[in-house]
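Trainee: Before anything else, here's the structure in question.
The numbers here are math on the coordinates, done by the rules we state, and not lab data. From a predicted model like this one, the values you see are computed outputs, not experimental measurements. All Cβ positions, even for glycine, are placed from backbone atoms using ideal geometry, and neighbour counts span all protein chains on display.
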Amino acid sequence: MTTTHSIAPTLLVAIDISKRRHEVLIGIPGKKRRRRLTITNTLEDVRRLVFSLASYDLPVRIGFEATGNYHRPLAHHLGQAGFELKLISSVGLARTREALHNSWDKNDPKDAQVILHMLEIGAVQFFHDPLVTGVADI
């Protein structure tokens, strides 16, 4: 007897984080085309992003590279919305970007594409930040 496992379609979201704005790339299950957004680092834009992602009515997995402290407010709101958060290693991101694009060239939209690729292949880490989740390590 053959057992099959089905994996629920999941919305994959890659975010390249910076001080003033974030590049967002959304991979929609079953679609080749990806949706690209740029949001500012403001509460209004973060709330708009949360609403937009929730409107897909799918589980949401978000990957991002921790960048100084700039990721913390965004991660807090996305985590509070119930989205699954994944950390992308900066070294892994740089090496994957280099391998995929055969260059050292770096820009925010390209990094979002690489982060999305890393989400697709599962090259991610568990995200835990007591300052974001409000849960301190014991």
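Trainee: Provide the net charge surrounding Phe126, with neighbours chosen by a C-beta distance below 11 Å and charges set as Lys +1, Arg +1, Asp -1, Glu -1.
Mentor: Around Phe126, the charge tally is -1.
Trainee: At a temperature of 10 °C and a viscosity of 1.306 mPa s, determine how fast the stretch 26-94 diffuses translationally according to Stokes-Einstein, using the Kirkwood radius over alpha-carbon pairs as Rh; express D in µm²/s, rounded to the nearest whole number.
Mentor: So the translational diffusion coefficient is about 121 µm²/s.
Trainee: Taking the convex hull of the Cα atoms, report for the stretch 11-127 its projected area averaged over all directions, in nm².
Mentor: That works out to 6.8 nm².
Trainee: Stretch Arg35-His77 to full length: gain in nm at 0.36 nm per residue minus the Cα-Cα span?
Mentor: Result: 13.1 nm gained on full extension.
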